[in-house]
1. Rounded to the nearest 5, what % of DSSP beta bridges with both residues in the chain are antiparallel?
2. Can you tell me which aspartates and glutamates have their Cα less than 18 Å from the Cα of residue 282? Leave out same-chain residues fewer than eight positions away.
3. Which of 46/189; 139/178; 29/335 have a Cα-Cα distance over 22 Å?
4. Placing +1 on the Cβ of each Lys and Arg and -1 on the Cβ of each Asp and Glu in region 158-307, which of 251, 182, 203 has its Cα farthest towards the positive end of the resulting dipole?
5. What dipole magnitude, in Debye to the nearest 20, does region 124-201 give about its Cα centre under +1 on Lys/Arg Cβ and -1 on Asp/Glu Cβ?
6. Just check region 21-156 against the gyration tensor rule for me: Cα atoms, a ≥ b ≥ c as the square roots of the eigenvalues, rounded for a/c under 1.5, and otherwise prolate or oblate depending on whether a/b exceeds b/c.
7. Where nothing but the Cβ of Lys and Arg (+1) and of Asp and Glu (-1) is charged, how large is the charge dipole of region 25-154 around its Cα centre, in debye to the nearest 20?
8. Let me know the volume per residue of the alpha-carbon convex hull for region 104-219, in Å³.
Amino acid sequence: MRFFMGLPHEELASIFYKQPTLFSKNTSKEYLAYCLGATLYMPATKPRIAQDLIMKKFPNLTSVVIDLEDAVGDLHVTAALNNLYETFEVLAAAIEQGAVTHEELPLLFVRPRNPELLQEVTALLGPLQHYLTGYVFPKFSVYNADAYLGELSEQRAKGYSLYGMPILETSDILYKEKRHEALLIIREKLVQHYDAILNVRIGTTDFSGLYGIRRTLQTSLYDIVIVRDCLADILNIFGRNEHPFVLSGSVWEYFDSPAPHHYEGGSMLTKKITATTEGLIKEIQLDRLNGLIGKTIIHPTHINVVNAMHVVTHEEYLDALDVMGNQQGTVGVQKSEYANKMNEMKPHYEWARKILIRAEVYGVFHPQRQFDDLL
């Protein structure tokens with residue numbers, strides 16, 4: 001798997017100063033945590049999931065969550081489980097027959113409803129878990145963390161190379177009087193399983209729902225003060241340099257109708273984009289500014305937008321190389337290659353390290369290229 005697999009080689013060469021590199025579920029965790037990009041949720045009841053993946057219906061898709069939770073009605077859980085099993089049987093047969101390789105498939109995750117259903121899923125899939133990258137843990141809290149993490153540890157002990165991705169989205173995390181204690185306890189539990197946690201996801205739709213709030217097309221989750229306040233604490237506690245967790249951006253719930261009206265007014269882009277896409281772009285810019293990597297998506301039209309927004313600019317890349325190349329202590333600060341800022345070797349070290357990981361995973365633009373060239 002590689003980002004922008006759907007682009008021909010000539011186009012990749014014309015856009016990228018440094019092209020994205022290949023990755024798989026066996027890539028080191030430090031880099032794999034950055035490789036999810038636009039993570040598409042699919043209901044576990046959806047027909048032909050395996051066939052769509054085998055035929056590369058969405059060629060630039062790099063990660064998928066097959067959802068047994070919110071996307072499935074309470075009366076259809078059994079049907080969803082049956083379809084989930086059939087999906088992985090079809091994938092396994094296709095790989096065995098050479099129709100597709102494991103490395104060509106997106107990173108695959110399953111989201112159960114709770115720890116009890118996780119146990120049911122692991123028993124159901126058994127050896128088919130070799131085709132999984134891991135599980136998403138919804139409503140992850142101090143009350144169920146041990147159950148989720150215990151089952152994950154048990155499956156890893158059986159030889160399955162699996163990661164967990166907890167979602168922080170419950171009231172004990174949002175409510176201010178409980179938040180700090182809950183987050184510190186959760187972080188301590190995740191640190192104990194650090195090698196098994198790929199990233200931490202944030203369920204801002206659930207947070208908003210607790211107060212009956214929903215952002216509009218023209219606003220972002222950062223405009224909702226209750227959510228923004230909670231996000232700040234999550235980033236503060238989970239983003240620390242000692243055992244840092246990669247935190248992922250929340251879902252953008254709007255998408256265009258089949259025949260969208262194009263929007264140009266006030267856009268920072270050189271090409272026509274819709275108001276829906278512009279709203280998504282603005283939120284991703286805020287995600288990146290605050291250190292979030294990747295984004296949950298619920299519609300395939302978001303794939304290219306999210307992934308393109310994570311490509312490193314030529315200027316960022318040269319700044320990062322400058323900082324990382326001057327760690328011997330002989331230089332403390334110096335003017336950037338673009339001669340428009342000062343690079344400080346100590347304060348900018350962690351920023352530079354993360355930029356260079358993104359550069360490996362998503363690539364680096366040529367100087368005159370930018371993200372809308374990939375839309």
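1. Working: 6 of 32 bridges.
Approximately 20 percent, going by the DSSP bridge assignments.
2. The reachable aspartates and glutamates, counting only those whose Cα sits under 18 Å from residue 282, are 223, 253, 256, 264, 372, 373.
3. On the way: 46/189 34 Å; 139/178 15 Å; 29/335 33 Å.
Correct reply: 46/189; 29/335.
4. Sorting the options by dipole projection puts first 251.
5. Numbers: 9 positive and 9 negative charges, 31 e Å.
About 140 debye.
6. Values: a/c = 1.62, a/b = 1.23, b/c = 1.31.
Oblate, since a/c reaches 1.5 and b/c is not below a/b.
7. Numbers: 9 positive and 16 negative charges, 80 e Å.
That gives region 25-154 a dipole magnitude of about 380 debye.
8. Values: hull volume 14.8 nm³, N = 116.
Value for region 104-219: 127 Å³ per residue.
The values are calculated or read from the model by the stated rules, or taken from the named source; none is laboratory data. On a predicted model such as this, the values are computed, not experimentally measured, just so you know. All Cβ positions, even for glycine, are placed from backbone atoms using ideal geometry, and neighbour counts span all protein chains on display. Calculation scope for accessible area: heavy atoms of the full protein, side chains included, ligands and nucleic acids excluded. Shrake-Rupley method; radii C 1.70, N 1.55, O 1.52, S 1.80 Å.
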